[in-house]
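**Q** Submitted below is the structure of interest, expressed as structure tokens.
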Amino acid sequence: MATAWQDSWTFRIVDQDTGAAVPGVPVSVLEDGGRAGGYWVSDVDGVVCIPKHDRARLRLRVGLRNEETIELDARSLPDDPIPLAAPRDLLRTGDAPAAAPAGIPPAPTPAAATGSGGGGHVVRFARIAVLPRDRDITVGLDGTHGEASAAPAAPADPATIRYGVLLELEQIWQSLGSQAGDTLYSVSLGPGEEVKVLVSDGRWRKKPDARERQVQIVAKMVGARQLGDGLDAVPLEPCVASDLPAASSATVRLLAERTARMSESLRRRPLAITELEGDKPAGTAVRTLRNLRAEGVLTYHFVEPVERFRSIVRSPRLRPALLVPFRLPNIATREVVRRFGHAIKRSLLDRALASDVDAVLSVEGGGPSAAVEQRLYAHIAANLPYYSATIIAAGDPAERFFALAKLRDPRGRPLTDVIENVVVGRVGNYVVFPLRSADFTTADWRSALTAAANAASASRAWQEQTITLPLPGIWLRSELFPAQLAGGAEDASAEETPDAGRAARRKRG
């Protein structure tokens, strides 16, 4: 007896040694150029169902991105389950939880087991706190001044070294598994019908070969834009605080709330699925759907794939810090802008000058015009301390060490003797470095750090929440309506024109 035609290939992920089914293994379908065209995760039985297509070759990757590509002849693949070996490295790591059946989240684990050794991805954040008397250096950075009711302090000498506290936070992301999200679009095809669907995905703004994980994208959205890249921890806006336990709790809440908002913002980025009419627009992908059956209506559903995470923000670690102002001479030059162009562009005080920075960095067309260079260099020269700090923070550590060795703290000690040569943040025109010991900070901060340590032994601030993030690609699910069930719909549209009847069979999700 002939078997019924199936509209998907079935693969079974198995252990290379025992042949047992392996759940929770990611499987990606690769298109030309290595770009991912779809993403699936094996279920509790190790099964993955991938919709069939009309191309001659099927290119798969089982596991993470460092695994080799598997290329199969799509025309000779059977309808029976096809075994695929799971990577050995993936089997040795016990961090990834087994995938639960659709719609059933895994059982939560106790909060005490969510340390860095308990699995998950860790993202580090850093925030600088200054005393109320140093409020003037935070004005204009985040639109707030810590305590809005307090009057701003009189500006001090901009060349004076300031002291502060570094709040180091860890945010743990533990995957709860992938699942189907919202249905984005549905199209129904009668026997022998075909349609081309246009997919325009604006959620990922980088090229596929340089695309970051969604966790890193959310972390950058949460962080402060003007503080630049290249730091070990994602920087947050500075704050004014005299009560460190209260500032720690407020920072934990800020990070949790902003993570939830940025996650929703990432999911709201444009993702459009429409039927193709005319030529294919640039930057889009086209999928051809067909109903090759002799009878029955085949409905395709485009589904948004999502991944659920348990996000835990830990109580921050407090460290004394030193805020060092820099004023470099003659940095408004083409050579400096081309060397530090990325850091300058990200930290621009006037975002309208971003195109001028791109023009100076470009080597095509004979270089930038004199008017463009003059406008950009005048802006840098007018904000020399700010862009000096930008260049010092993004510069070579060895060159920065020699610059710090020439500076002294209020007690006359070389800065290289009291600080670590690691940039942990920026506050206006100041570059922030951690102090080697609390003995090198002021008496006010020493007493505040001691009080915070005593308060932390009694209670620690932390916050846990569930976050849903989108996954790259689109899931395609098919649903067959036999002819006897679809007959009523066909009779109802029999009096319509063929084009109207075909349009009536298509719907949006």
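**Q** Which condition from (1) modelled with pLDDT of 90 or more; (2) more than 26 Å from Val422 (Cα to Cα) is the one that Arg267 breaks?
**A** (1)
**Q** Still on this structure: How many of the residues in the range 341-359 are in a helix (DSSP H, G or I), open to solvent by less than 30 Å² (accessible area, probe 1.4 Å) and in contact (Cβ under 8 Å) with a residue 60 or more places away in the chain?
**A** Final tally of qualifying residues: 1.
**Q** Hey, can you tell me all the residues within the range 360-407 that are in a loop (DSSP other than H, G, I, E, B), over 21 Å from Asp350 (Cβ atoms) and either of a type in the set (Phe, Trp, Tyr) or open to solvent by less than 50 Å² (accessible area, probe 1.4 Å) (or both)?
**A** Answer for the range 360-407, where residues must be in a loop (DSSP other than H, G, I, E, B), over 21 Å from Asp350 (Cβ atoms) and either of a type in the set (Phe, Trp, Tyr) or open to solvent by less than 50 Å² (accessible area, probe 1.4 Å) (or both): Gly367, Gly395.
**Q** For Ala100, which of the numbered conditions (1) at pLDDT 75 or above; (2) among the aliphatic types (A, V, I, L, M); (3) surrounded by 14 or more Cβ atoms within 10 Å (Cβ to Cβ); (4) farther than 16 Å from Ala20 by Cβ fails to hold?
**A** Exception for Ala100: condition (1).
**Q** Suppose we filter the range 410-431 for residues that are touching a Gly at 6+ places or on another chain (Cβ under 9 Å), hydrophobic (A, V, I, L, M, F, W, C) and part of a strand (DSSP E or B); how many remain?
**A** Summing the residues that are touching a Gly at 6+ places or on another chain (Cβ under 9 Å), hydrophobic (A, V, I, L, M, F, W, C) and part of a strand (DSSP E or B) in the range 410-431 gives 2.
**Q** I would also like to ask the following. Could you check the range 279-300 and list, in sequence order, the residues that are open to solvent by 60 Å² or more (accessible area, probe 1.4 Å) and either of a type in the set (S, T, N, Q) or assigned to a strand (DSSP E or B) (or both)?
**A** Passing the criteria: Arg287, Arg290.
**Q** Provide a single number: the residues in the range 238-275 that are surrounded by 14 or more Cβ atoms within 10 Å (Cβ to Cβ) and within 21 Å of Trp204 (Cβ to Cβ).
**A** Of the residues in that region, 9 qualify.
**Q** Then there's this: I'd like to check something: does the range 453-468 contain any residue that is part of a loop (DSSP other than H, G, I, E, B) and in contact with a strand residue (DSSP E or B) (Cβ under 8 Å, 6 or more places away or on another chain)?
**A** yes
**Q** Identify the residue in the range 408-437 that is open to solvent by 50 Å² or more (accessible area, probe 1.4 Å) and charged (D, E, K, R) and, among all such residues, is nearest to Arg339 (Cα to Cα).
**A** Among those that are open to solvent by 50 Å² or more (accessible area, probe 1.4 Å) and charged (D, E, K, R), it is Glu420.
**Q** For the range 440-452, give me the residue count where each residue is touching a strand residue (DSSP E or B) at 6+ places or on another chain (Cβ under 9 Å) and either open to solvent by 40 Å² or more (accessible area, probe 1.4 Å) or not in a loop (DSSP other than H, G, I, E, B) (or both).
**A** 7
**Q** Within the range 345-352, can one find any residue that is closer than 30 Å to Lys52 by Cα and among the polar types (S, T, N, Q)?
**A** No, the range 345-352 contains no residue that is closer than 30 Å to Lys52 by Cα and among the polar types (S, T, N, Q).
**Q** Another question about this same structure. Could you tell me which numbered condition Arg338 fails, if it satisfies all but one of (1) modelled with pLDDT of 85 or more; (2) buried (at least 20 other Cβ atoms within 10 Å of the Cβ)?
**A** (2)
**Q** Something else now. Within the range 423-473, track down each residue that is β-branched (Val, Ile, Thr) and within 29 Å of Asp136 (Cβ to Cβ).
**A** Val423, Val424, Val427, Val431, Val432, Thr441, Thr442, Thr450
**Q** Still on this structure, I have one more. Filter the range 156-197 down to residues that are farther than 26 Å from Asp54 by Cβ and assigned to a loop (DSSP other than H, G, I, E, B) and give me whichever is least open to solvent (accessible area, probe 1.4 Å).
**A** Ile161
**Q** Let me ask something additional. What are the residue pairs meeting all of these: first residue in the range 419-432, first residue at pLDDT 85 or above, second residue aromatic (Phe, Trp, Tyr) and open to solvent by 10 Å² or more (accessible area, probe 1.4 Å), Cβ atoms under 7 Å, and 6 or more apart or on different chains?
**A** From residues that are at pLDDT 85 or above, the pairs are Asn421/Phe401; Val431/Phe326.
**Q** Exactly one of these conditions fails for Val303: (1) within 19 Å of Ala180 (Cβ to Cβ); (2) assigned to a strand (DSSP E or B); (3) in contact with a helix residue (DSSP H, G or I) (Cβ under 9 Å, 6 or more places away or on another chain). Give me its number.
**A** With respect to (1) within 19 Å of Ala180 (Cβ to Cβ); (2) assigned to a strand (DSSP E or B); (3) in contact with a helix residue (DSSP H, G or I) (Cβ under 9 Å, 6 or more places away or on another chain), Val303 is out only on (3).
The values are calculated or read from the model by the stated rules, or taken from the named source; none is laboratory data. Everything numeric in this text was worked out from a predicted model, so none of it was measured. Here Cβ is always computed from backbone atoms with ideal geometry, including for glycine, and neighbour counts include all displayed protein chains. The area values use the complete protein model at the heavy-atom level, side chains included, leaving out ligands, DNA and RNA. Shrake-Rupley method; radii C 1.70, N 1.55, O 1.52, S 1.80 Å.
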